[in-house]
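Report on one structure; see the data block that follows.
No value in this document is a laboratory result; all are computed from the given coordinates. Source: prediction; values computed, not measured. We place every Cβ from the backbone using ideal geometry, glycine too, and count neighbours over all the protein chains shown.
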Amino acid sequence: QSVFSVKHGLAASLRVPESMVRVIQADTGGAFGSKGGLYPEYVVAAYASMKTRRPVKWIETRTENIQASNHGRGVLANMKVYAKKSGRVTGVEAQVYVDAGAYAVGLNVFAPRFIGFQITGPYAIDRAYVEAYSVCTNKVPLGPYRGAGRPEAAFFIERMMDRLADTLGMSTIDVRLANTMRGGFTSPLGLRVESAREFLEEAIDALDVRSRLGSKGWGLSFFVLVPTAQPGEPARITVRGGRVKVWLGGNAHGQAHEFFVKRLVAEELGVPEDLVDLERGDTAMLTQGVGTW
């Protein structure tokens, strides 16, 4: 999912200059985050190849993938909300515990801070106090898997909104509306939320939530997807032999990059889409890249 993350990790682990490492993305398949970082087997295979001066292939079985890939969602939270009888939340306290697994690497070091940062969700809550911890266990290290902390934070605050509504005898819709703002808001933890009230009201009307809520299979949740595209993805474009070639810092494993790259280049350069080619992720073709998450 990120050839440059693998490149940086290999160079650091093998103690060689980054100029000696080239990573080319092959057919990746599904990932949801778990193929974005460096696994020990990558380093072992590269080291064995350097020592034997022969190509080395590592093949992972399905069982090995289930046992040793980074896991997600190992997070617990104790939360308390302070609120008025109107449903307006005035403060939040939380203790967050992240199952880091056996080693302190990557996301499991970052996850407590990232989850705590989002603990107020899309709501205009003026006061918040969060303690967040990584706890070492005997499991595989925690890694990014389908949200990398965003769903956990959303679940915690949404669960509290539902419990608050139950305690006050209010609709879960009205409790959420009472805590959203017209106009932007920056949480005390630093999370910037743009105008949320109008969006929520439109969604409630468009989905006819008031008449459906309480029916079997219906619930309500409202969350912020923290942007992950900043500051953007590097690209390189060449025109050669009557065709346009594009390299991106990130590459596709199911997200249809080919479609949007061809469409964007065609619109901006005025060339037919069938003359545009997207090349696979290759660290030799770009100086930097983010990856596809």
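Numerical summary
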read-out	value
Sparse-neighbourhood loop sites, chymotrypsin sites (Phe, Trp or Tyr not before Pro) in the stretch 3-70 - DSSP loop, at most 13 other Cβ within 10 angstrom	Trp58
Extension gain, Arg54 back to Tyr97 (0.36 nm per residue minus Cα-Cα distance, nm)	11.0 nm
Karplus-derived HN-Hα couplings along the stretch 179-189 (A = 6.51, B = -1.76, C = 1.60, θ = phi - 60°), whole Hz, x at Gly and Pro	10, 10, 10, 8, x, x, 8, 10, 5, x, 9
Computed over the stretch 235-283: relative contact order in percent, which uses C-alpha pairs under 8 Å that are six or more apart	42
Loop chymotrypsin sites (Phe, Trp or Tyr not before Pro), the stretch 212-290, which have at most 13 other Cβ atoms in a 10 Å radius of their Cβ (DSSP)	Trp218
Difference of contour (0.36 nm per residue) and Cα-Cα distance, Cys136 to Tyr47	29.2 nm
Separation of the Gln67 and Arg15 label points, Cα + 7 Å toward Cβ, nm	3.1
Qualifying trypsin sites (Lys or Arg not before Pro) in the stretch 27-81, DSSP loop, other Cβ atoms within 10 Å at most 16	Arg53, Lys57, Arg73
Read-out Cα Rg over 2.2 N^0.38 Å, derived from the coordinates shown; its label in (i) 1.13; (ii) 0.94; (iii) 1.22	(iii)
HN-Hα J in Hz across the stretch 195-202 - Karplus 6.51, -1.76, 1.60, θ = phi - 60°, x for Gly and Pro	3, 10, 4, 4, 4, 5, 4, 5
Considering only the chain, percent of DSSP beta bridges that pair antiparallel, nearest 5	55
Spatially close lysines, pair count over the chain: Cα under 21 Å, gap of eight or more or interchain	6
Linear extension gain, Arg192 paired with Ser215, 0.36 nm per residue minus alpha-carbon span	4.9 nm
3J(HN,Hα) from dihedral phi, the stretch 149-164, Karplus parametrisation 6.51/-1.76/1.60, rounded to Hz, x for glycine, proline	x, 5, x, 4, 4, 5, 4, 4, 6, 5, 4, 5, 5, 5, 5, 5
